[in-house]
Structures are given as structure tokens and as C-alpha cells.
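The values are calculated or read from the model by the stated rules, or taken from the named source; none is laboratory data. This one's a predicted model, so the numbers in the text were calculated from it and none came from an experiment. All Cβ positions, glycine included, derive from the backbone under ideal geometry; neighbour counts span all protein chains shown.
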Amino acid sequence: MIISIDNLNRVKMKKTVLTLLIAVFASAVGQAQDYGEDSVKCRENLYIYYELAKKKQWLEAWDGWKYVYENCPGTKKFNFIYGPYIVEAKLKEAAKAGQDSAEQEYKELLLEVYDNRNKYYPGQEGYVYQRKALDMAQHFPDSSMAAYKLFKKALEMEGPEQSAAFYNSYFITAARLFNDDAFSLEDVFTAYNVVMEGIEVNNNALNTTIANISYERDSNAVELDAKTKAKLAKAERELERYTKVESNIEKILAPIATCDKLSSIYNEETFQANQTDTLWLKRAVKMLQKERENKEGEMEDCTDNPIYFKISDALYKLQPSAPSARAMYIMAARDRNYSKAVDYIKEAIEFEIDPLKRANDYLKLARANLALGSYASAKSAALKAAQLRKGWGTPYVVIAQAYAAADGTCGSNVFEKKAVYWAAINKLEYARSIDGSVSAKASRLISSYKKQLPAKSVIFQLGHIEGEKYTIGCWINETITVTY
């Protein structure tokens, strides 16, 4: 075959351009550490796969990456940063094609890449253990104990600022070990507490970020700049992920964490051994007061366990906090000492920064005030609960109950005194319109309250007509529409 001078020049030009690009590339990413015996080929493959990997063209980057990984792995750190993505793409390709042996090889290579990253580029071992644990849990379900140890090691080295996926996989691995009889009941409860404490740390940080940005926006009535909007949106997305993981973990734990099983872990003997251990006490309180769905589909907790009260008291004395104050609230409410219950739950609200938990605390405050007959305070607390948790109907049910309880206290005649029931019915109708979970209860109360409305003859005799707007005074301050 005859090659023209022009074609030969073009080939030389392409090689010259490629050589220049590789030189520029090498300069941009820093000096190489070790290009092996064939440095030219290593440089070429490094450049080719790097440009493809930057565009997330993982499969196309495979050949170049594989050559570099096998012949000159120590050249650049991004051999191990991009490596897992490239191998994962090949793994999925093999799985889709039904190539079982190739799929297994890629799985093993994936873990090897993490080990070699720590070998060639030490200094971020905790992060690498985290990534390796996630992939091991996913691709090697028979290696749950090894994965669990990696999760623990990553947490010890890197701290609780881990992803929602990390905590989800951490607990699923623990539950798998429990189902395989490799973990005791206490082991899986310990894993649950570690995971929930980690999620709480991240939730608190995200809630603080969201609250600060929202406060600046609302108090100054200004439009957020693009960067701050993105930061807020990211925090809200991350918070939603942690919330979903928490819900998922609760569903997994529910069949395990029965009150009978919890009593084998939290009892007089274990309390005596741990009564000055704040971490043990805090975990015990959370486990016993956590509401879970029972076999009948109803929500229940385990606070009727006699040891709960000793644990709560000991924790509160050692470390006043939101969880310990809540525990004391439950004790006081059980004893019908609602004045003390109000004090304790107010203290929990002061300590708590998670808006959803604060919403629940405000609802507890509303109910305690309702029991005391402090109806205006009950309404105020319920409204705060509703503000913190949008689309929640229960606070409006409590407000309706407060209105109904005020029968006879507002106004000077039967119509005026009974008008509170129209206001109560309005709140109940709103509650079931935004929250289907309260529909049955709201409907029962509506049926009951309608029977308490003043008779048509009484309404007419006192100078009122159907369709009239009437404003109820007192602390209620609601405008209702008169109906027969």
C-alpha cells in the first residue's frame, strides 16, 4: 500500500498533537509518581481514560483505565477515585448480559480497588472503608460480618457525618446478621441506637441550616440568591433522605423490638449495672418510649415497663436533655400530674432543635394543657405543632377538642355558648381534608358535636338565621357560619 506524503504528515501531526496534549495533561494534574516500564503507553492510556471518565463515560473508559491500573496504578490518585465507577459500570454490563463469572470477577476487582487506594494513597482510610462497606454489603451478602466491621471502622474513623445510604446499609447488615443468628438481640439494638444517633446528628445539622436560611429569608423579606437557594434545596433533599431511611429502619426493627424482647435487655439487673452510664440510659429511654405498630395495627410503646421510670429519673438527674425531659413528661402524665407534665415538655422543647420532634412536643404540650383545662394554651401549642409539621391533622383535632370543652364559657345565651361547636366542627373538617389518617376520629367527633349545636328554634328565637356569619369572642376568636 502506498502512503502519500500528505497522509504521512497528517499521521505525524496527530501523534504530535496527542503527545502535546498528554504533556499538557501531565502538567495540569501534577507530576506522575510511577509510570512503569512503558511510560509512553501509560501516559497515553491515562490521558484517554481520564478524559472519558470526566464525562462519566465509564464503559468507554474501561480499556484505558484497566491498562493503567494493571501496569502503573500509582501514577495518579484518580485511578482509584474513578476506578469504582468504571468497574461498577462493567459489573452492571456483565449482570445484564447474564455473564455470571465475569460479574463475580468485577465484584472482586471492585473491592481490590479500595484496598489498593489505601495502599498507594493512604490518608483517607475511613472514607475508603465506608465506600467499600457499602459495595460489600450490596454485592457480597454472604460477607455481612466483614461489611459490618467495615461500617464500624468507618464510623469510628470518620465520625457520624455519614450519608443516609451509609446508615441504611449499616442497619440492614446488622439485621441480616441477627436473622442469621450471628448477632444477639442486644447486638442489633446497639446497632439500631448507633445508627439512630448518627442520623440525629445529621438531621440536627441539616435542620439548623434550613432554619437559619429560612429565618434570614423570612425576617428580612428578601429573595435568596442562587447559591443560597441551592444550599437550602440540598439540605431539604438530604433531610428527606435521612427521614426515609429512619422510617425504613423502624419498619425493619418493629418485629424485633417487641416489649417482651426489650424487657430482656432493659430490666432491674441491667439498670443497676448501668445507672450512671448516660449513653446506656439515653438509649434505653428512646427504645422504651418509641411508638411502634403492634400486631393489631395500633401504635404502642413500652413505657409501662416498671424499669422505665427508674431509667427516666436517673437520666434526667444525670443529664437534662430533650429525651430525658420527654421521659419525665411521660411519667408525670401517667400520674395525671399535668402541671409537672407541662413543665417537663416545655423543657424538652427548649432543648430540641429538630422541627418534627418539636412539633410532637408541642402536641404533647397541647394535650397536657387540655387536660388541665387551659384551653387557650392548648390551642396555642397545637398551632405551633401544626406550623412545624405541614399537612398534619392531629393538632387541629386537639384545637377542636379545646373548643368543644369551652362549651358554656363564651357568650351570654345558649346560642353564643354553643357556637363553639361550629368552630370545632370547622377545625375537624379541615383536619380530615389535609390528613387522611385522622379522618375516622374527626368524623366521629363531628357526628358527636353536631348533636350539641343549638336547636333551630332556639337559633331563630335569639335572632339568628342560617348562613349568618358570627364571630365567637373569648380566646377562641373564630368566625363561623350558622347552619341548621
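In the set 341, 376, only one residue is touching a Cys at 6+ places or on another chain (Cβ under 9 Å) and at pLDDT 95 or above; that residue is 376.
Please work out if residue 368 is part of a helix (DSSP H, G or I) and crowded, with 22+ Cβ neighbours inside 10 Å. Here the answer is yes, as residue 368 does meet what is asked. Taken over segment 275-293, the residue count meeting the criterion of being in contact with a Ser or Thr (Cβ under 9 Å, 6 or more places away or on another chain) and charged (D, E, K, R) is 3. Screening the candidates 330, 353 for the property of being modelled with pLDDT under 95 and over 20 Å from residue 291 (Cα atoms) yields one hit, 353. When segment 122-157 is examined, which residues are found to be of a type in the set (D, E, K, R) and modelled with pLDDT under 95? Of everything in segment 122-157, just one residue is of a type in the set (D, E, K, R) and modelled with pLDDT under 95, namely 142.
Checking each residue in segment 207-256 for being within 30 Å of residue 291 (Cα to Cα) and of a type in the set (Val, Ile, Thr) picks out 208, 209, 210, 243, 245, 249, 252, 256. Set side by side, the residues 354, 343, 361, 335 differ, and just one is free of Cβ contacts under 8 Å to residues at least 40 places away in the same chain, under 26 Å from residue 202 (Cα atoms) and acidic (Asp, Glu), which is 361. Residues being modelled with pLDDT under 95 and of a type in the set (Asp, Glu) are entirely absent from segment 262-275. Just wondering, is there one or more residues in segment 231-242 that are of a type in the set (Phe, Trp, Tyr), surrounded by 15 or more Cβ atoms within 10 Å (Cβ to Cβ), farther than 15 Å from residue 354 by Cα and in contact with a helix residue (DSSP H, G or I) (Cβ under 9 Å, 6 or more places away or on another chain)? No; the residues of segment 231-242 include none that is of a type in the set (Phe, Trp, Tyr), surrounded by 15 or more Cβ atoms within 10 Å (Cβ to Cβ), farther than 15 Å from residue 354 by Cα and in contact with a helix residue (DSSP H, G or I) (Cβ under 9 Å, 6 or more places away or on another chain).
Residues that are free of Cβ contacts under 8 Å to residues at least 12 places away in the same chain and more than 19 Å from residue 320 (Cβ to Cβ) within segment 271-288 comprise 272, 273, listed in sequence order. Look at segment 436-478 and say how many of its residues are in contact (Cβ under 8 Å) with a residue 24 or more places away in the chain and over 39 Å from the mean Cα position of the chain (by Cα). Result for segment 436-478: 13.
State whether one or more residues within segment 117-133 are among the aromatic types (Phe, Trp, Tyr), touching a residue at least 40 places away in the same chain (Cβ under 8 Å), outside any helix (DSSP H, G or I) and under 30 Å from residue 194 (Cβ atoms). Yes, some residue in segment 117-133 is among the aromatic types (Phe, Trp, Tyr), touching a residue at least 40 places away in the same chain (Cβ under 8 Å), outside any helix (DSSP H, G or I) and under 30 Å from residue 194 (Cβ atoms).
When segment 439-481 is filtered for residues that are in contact with a Leu (Cβ under 9 Å, 6 or more places away or on another chain) and at pLDDT below 95, the ones remaining, listed by number, are 454, 459.
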